[in-house]
Structure formats: structure tokens, C-alpha cells
Amino acid sequence: MKDLKARSNLVYGGIEKAPNRAFLKAVGLSDSDISKPLVGVATTWGEMGPCNIHTLALGNVAKEGVRAAGGTPRLFAIPLVIDGIAMGSEGMKYSLVSREVVANSVEMVVNAHGYDGIVAISGCDKTTPGLLMALARINIPSVIMYSGTTLPGNFKGKPITIQDVYEAVGAYSKGKLTAEDLRLMEDNAIPTAGTCGGLYTANTMGMTTEALGMALLGSSAPPAVDGSRTNYAYETGRAVMRAMELGIKPRDVMTFEAFENAITLVQASGGSTNAVLHLLAVAHEAGVKLTLDDFERIGKKTPEIVSMKPGGEYTMYDLYKVGGVPLVLKKLADAGLLHLDALTVTGRTLGQELAEYRLPNVPHDHIVKDPKNPRLPYGGIKILKGTLAPEGAVIKVSATSVRKHRGPAMVFDSEEEAFRAVMEGKIKEGDVVIIRYEGPKGGPGMREMLAVTAAISGQGLGEKVALVTDGRFSGATRGISVGHVAPEAAVGGPIALVQNGDVINIDVDAGRIDVELSEQELKKRAESWKPKPPRYTTGLLAQYASLVSSSAEGAVLKPRL
Ligand code: FES
């Protein structure tokens, strides 16, 4: 018989721990409650926006599941950043930082209070990877549940998402949309609680929880307001107790094969480029050696079969109606693209779970295609390397039809400068907009350039202007957008050496991104390059900048020991 209370007994067991138990009795627990395994219910919650507004309620339902299965739950809330609100401002520098804050907060609460298991409830972009990182790091029985997307919005009878509002700002600046219509979109883009509706970062990472085997199959696609959410929350609470009894820990589940399954799902779905950064970081915590080359290798053999915004047509709600993530996984499994023997948190393999999952028998070819007749013969994310990005860069090929772009660089040392230039009409067809000093260390925090890319798209230049940055892109970005350029400008990467008018060559099929300068010229410029003074010298952003690693390694924090 396993000692399910091995951790909590160290904190609450024995005569000498009477004071510790007194604290629990003060919050209503009985001796019987304290004698059961203690399960932390980590819910990323706050009233800052719709993405996580419902997670506290779901956490309370998960508690019931834990109780029903013989545990004692302890709910706690973790702060988060709503990316869509921080976007385009200095505040966005906290977005990627918040992933570490989420991971560290769970580690802090769970380890400080000696919990035996974890239920984790995620929502907005950084919360899913932050929680997965924590689960891998702490490595006690754990189950995650993504809390679901918003229902689609509505503009004059047409379904819309927040992406349409961002792009409407660009269209308005060009006189292509009236202020009244922009207001109408603003009023109706997000009708319910839940995360942004397309296959942007939150939904992409939500989907990966199932492919990794860390969540119950089918739990990520139901919208936040769907009735099944409550049931999934309850069952997630029960599942963590079962995982404890079976002795299944996150690192038993998040193996190299599980990450390959997750990458395959992302590549097949046209998911967010942020998934690259986040899966590298989660793998790092799980002790799994994953590299950018794994994304490229899997992308080459995985057809893109899902048509979801921003590259395709549909929303997460549409995917839910036809069968959600299990439908996509089944298609990939039938094509022999998944490791079906990968263990999941239930103690059964992914193959066993998929075999028993009941799919709605409805037409779905409009959104999920057969791998033999895919949207694209390759995956949605491509890794580029070259003289501009020796360590690597990332492009979402499903969000653009352009395979080659060659043009003069227009260089900006911050997102704000670039946005101003776009809104003032200074960017012309053929240009390559370079936004640098926005990397993990330089930003710090790798801001997402959605405001800039959406304004470019809104001006009708999305397929005619390339954007290259050491920062990131939102999952809602489309167009020729190359991000995560590494090494970043702040550490003297080649992107720091580019000058206005230098010719940049992007060749997706060749997997290259180059600046057309001789080796000698690059060397000469490197010799005279000087680092910029850090933007922050105190506080969280300064702490982050001093510890963060390259985006090619997932921008994980590396403590100096
Ligand atoms: Fe939270 Fe988009 S802003 S999911």
C-alpha cells in the first residue's frame, strides 16, 4: 500500500506538528480531513479579463472530485497576465515572465505546505505552460485542466474573434472601417468567459495538455460556458486521487514520446509559435532533452489537417462541436503519427484512451481533414536558421502563403517605434520590418508583436511585408512573421548588427533566414557593437533579465549557482 500522505505527514503528522494542524483546524478542517492526502488545487485566477474569470468556480468543483475520491483539497489562486490586455504596451513585458511566476508560485505553495498531489487549472496563454512546468518540476501526482475558450463573437451576423478587432484598428487607420463599426466589433468580439476563440496561444497550449497525457482526454476543447466543463473539473479532481493511488507522476507521463505527440498535434493544427518556446521550457523542467530540431523534424512529416484561425477559418468552439482534440488525435493516430503507447495521467495509454473515446458522428472535413488530403503537406511551424539567426528562428507557415521574401530592412529598436512607423504609413510593400532588443533579455520578456502585425495586415500588407524580431508573436498573428530570432540583439546576435537598407532573405522551403552581408562585414560590425544599458535595473523584470536564457532553449531561467 502506497503512503499517499508521505509529503503531508512531514508537515502535519506526529505530536510535534500540533501547531501546524492548529492552522488547518482554524480554516475548518477536522482530524479526519487532515488524515487524508492533501491535494493542492492550483487555479490561475483573477478578474483582469475573461480568460480565467471562471477558474475559481471550476477549482471549487475540482475540490468536490478530490473529496469524493478520498482526499482533502486546498484551493489557492495564482496571479496571471491577460496577454490581450497587456498587448502593445510596456506591460506585455510581464507576459512571458508570468509563465515563470505561475510555475514558481505553484512550487512555492505546494512545497511550503506539503501537499501530496496537484490539480492545476489553466486559462490564458502563459498559465498552461507555467502550470505544466510546475507539475514537471515538483513531480508529484498531478492532473491539469484547461478551462476553455469563449464562444465566438458576432459582427453583423459574421462570427468574429479578438483577432478581428486587432486587425480592425489597422483597417480604421487606413479609412477602410468606420469608428462605429470598430466600436461594434469591440462590443461584440468576446461574448462569454473563456480564452480567445481561435487557435491562438491559449487554445494551442490547452490542446497540448491532452496530447502530453497530462489532462483527461476531451477536456480542452469545450468552451468555458459549456456544461461539460463542470464534469471535467469534477473528474479531474477524482483523477488526481487515482494517479496518487497508481503512483503516476508527471515525469512518468511527460516523456520524450509525449512531447513528440504534443509537437505533432501543434504541427497538425497550425498552432501558435509560442508552443515552441513553451514545450521547450516544460521539457526542460521534465528533464527531457527537446530541441528546435525536433519541431523541424516532426513538422516535415506531419501534414497540417486543421483549419482554425488565424491560418484557417474556424474557432475552438467549432472544433469542439465536431469532436475536439480527440478527433484530431484519432486522425493522427490512424496515420501512424503518434506514440499510442505513451502513458497518460489515468494510468492508461493514449491509445487506450482514444480507442474508448466517443466522438460525435458529425461531418467534420471542413475543419479537420484527413491526413491523406491535408490543408498543407507539412506542419504549420517551421524553424529557420541562417546568418541572421544562427541558433534559430520560428515562422508559422500556415499563417502565410508566402514561401520566399527578399527585401530591405527597416530597423526599429522597440515595438513602439515600429508601430508608430506602420500607423504613419512609412512601411512599404517589400520591406522587412526588424524589431529588435525585444528578446527574452533585451525586452525583457519577448513581447508579442500582435499590434504591429495586425496593423500591417489591416493595411492590406500582410503578405507583402515581412516582420522579423527577437521578440514573439501572438497566436493571432498572420503574415510573414519570423520571431524568436536567436541569439537576440541584447547579447549581440546578428540581428543587432543589421542596418536600414540591408537586404534580408527569407526562404521558408530552404529553412533559411539570412542577411546579405559578407562575413567580414558582419565581423566588423560585431567588433564595434556595444550592449545597450539594461532597460530595468530593479524589480521583477530586472531579476528576469539577469537569469533568462536564449529563446532557442525555451527562454527558461537559469539560476547562477
Ligand atoms: Fe487570454 Fe487571449 S488574452 S487567451
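The values are calculated or read from the model by the stated rules, or taken from the named source; none is laboratory data. Please read all numbers here as calculations on a predicted model, not as lab measurements. Glycine also receives a Cβ, built like all others from the backbone with ideal geometry; neighbour counts cover every protein chain displayed. Side chains included, ligands, DNA and RNA excluded: accessible areas come from the protein's heavy atoms. Shrake-Rupley method; radii C 1.70, N 1.55, O 1.52, S 1.80 Å.
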Shape call, the range 195-239: gyration tensor on alpha carbons, a/c limit 1.5: oblate
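Could you work out the helix-only [θ] at 222 nm for the chain, with each DSSP H run of four or more residues adding -39,500 (n - 2.57) and the total divided by the number of residues, to the nearest 500 deg cm²/dmol?
It comes out at -12000 deg cm²/dmol, rounded to the nearest 500.
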Environment charge at Glu186 (Cβ cut-off 11 Å; Lys +1, Arg +1, Asp -1, Glu -1): -3
Directionally averaged projected area (convex hull, Cα atoms, the range 355-488), nm²: 10.7
In nm, spacing of pseudo-spin labels at Ala510 and Tyr357 (7 Å Cα→C-beta vector): 4.0
Paired Rg and Dmax values of the range 272-320, which use every Cα atom, in angstrom: 13.5, 37
Potential lengthening between Phe23 and Lys372 on full extension [0.36 nm per residue; Cα-Cα distance subtracted]: 119.6 nm
Non-local Lys pairs in the range 354-414, i.e. 8 or more apart or on different chains, that have alpha carbons under 15 Å apart: 5
Cβ-derived FRET efficiency at R0 22 Å, Ser89 paired with Lys558, nearest 0.05: 0.20
Value of Rg to Rh for the chain (Rh from inverse mean 1/r over Cα pairs, i.e. Kirkwood): 0.98
0 to 90° range, to nearest 10: angle between helix 519-528 axis and the chain longest Cα axis: 70
Carbon and sulfur %, accessible surface of the range 75-146 computed with the full protein complex present, 1.4 Å: 59
For the chain, share of DSSP beta bridges that run antiparallel, in % to the nearest 5: 45
Share of carbon and sulfur in the accessible heavy-atom surface of the range 402-482 [1.4 Å probe, %]: 52
Projected label distance in nm at Glu527 and Val402, using a 7 Å step from Cα toward the beta-carbon: 3.5
Extension gain from Glu391 to Ser35, taking 0.36 nm per residue of separation minus the Cα-Cα distance: 123.0 nm
Size of charge dipole - the chain - debye, nearest 20, with Cβ of Lys, Arg +1 and Asp, Glu -1, no other charges: 580
Rounded, prolate or oblate (a/c below 1.5 giving rounded, otherwise prolate when a/b exceeds b/c) for the range 27-110 by Cα gyration tensor: prolate
Normalised contact order of the range 256-298, rounded percent, pairs of Cα under 8 Å and 6 or more residues apart: 51
Whole-Hz ³J(HN,Hα) from phi, Karplus 6.51 cos²θ - 1.76 cosθ + 1.60, for the range 72-86, glycine and proline x: 10, x, 10, 7, 9, 9, 10, x, 8, 10, 8, 4, x, 7, 6
Sequence ranges 374-385, 487-498, ranked by mean other-Cβ count within 10 angstrom, highest first: 487-498, 374-385
Separation between Cα centres of the range 49-119 and the range 462-494, rounded to whole Å: 30
Two-decimal log10 I(q)/I(0) for the range 304-368, as the Debye equation yields it once each C-alpha is a single scatterer, q = 0.11, 0.17, 0.19 Å⁻¹: -0.28, -0.63, -0.76
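What's the FRET efficiency of Asp365 with Glu519 using the Cβ-Cβ distance as r and R₀ = 51 Å, to the nearest 0.05? Intermediate results must be reported in sequence, preceding the final value.
Values: r = 50 Å, r/R0 = 0.99.
Working from the Cβ atoms, E equals 0.50.
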Kirkwood hydrodynamic radius (C-alpha pairs) into Stokes-Einstein, the range 99-158, 37 °C and 0.692 mPa s, D in µm²/s: 259
Rounded accessible area per residue of the chain, 1.4 Å, Å²: 37
Listed peptides 8-19, 329-340, 460-471 by packing density, highest first (mean Cβ within 10 Å): 460-471, 329-340, 8-19
Lys pairs, the range 107-211 - Cα-Cα below 26 angstrom, 8 or more residues apart or on other chains: 4
Within-15-Å neighbourhood charge of Val81 [Cβ basis; K, R +1; D, E -1]: -1
Calculated from backbone phi, Karplus (6.51, -1.76, 1.60) coupling profile of the range 124-139 in Hz, x at Gly/Pro: 4, 2, 7, 6, 5, x, x, 5, 4, 4, 5, 4, 5, 5, 6, 6
The range 291-370 versus the range 206-233: alpha-carbon centroid distance in Å: 14
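With a 1.4 Å probe and every protein chain kept in, tell me what percent of the accessible surface of the range 164-230 is carbon plus sulfur.
53
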When the convex hull of its Cα atoms is projected in every direction, mean area for the range 439-561 (nm²): 9.3
Those aspartates and glutamates that a straight Cα-Cα span of less than 20 Å connects to Lys289, excepting residues fewer than 8 apart in one chain: Glu100, Asp252, Glu257, Glu260, Asp341, Glu391, Glu553
Cys with no candidate disulfide partner in the chain (beta-carbon separation under 4.7 Å rule): Cys196
Relative contact order (%) - the chain, alpha-carbon pairs under 8 angstrom, separation at least six: 14
Ratio Rg/Rh [Cα only; Rh per Kirkwood] for the range 1-153: 1.02
Three-way shape label, the range 248-377, alpha-carbon gyration tensor, a/c 1.5: oblate
Mean separation of Cα contacts under 8 Å, 6 or more apart, over the residue count of the range 99-146: relative contact order %: 48
FRET efficiency, Glu16 to Met48 (Cβ-Cβ, R0 35 Å, nearest 0.05): 0.25
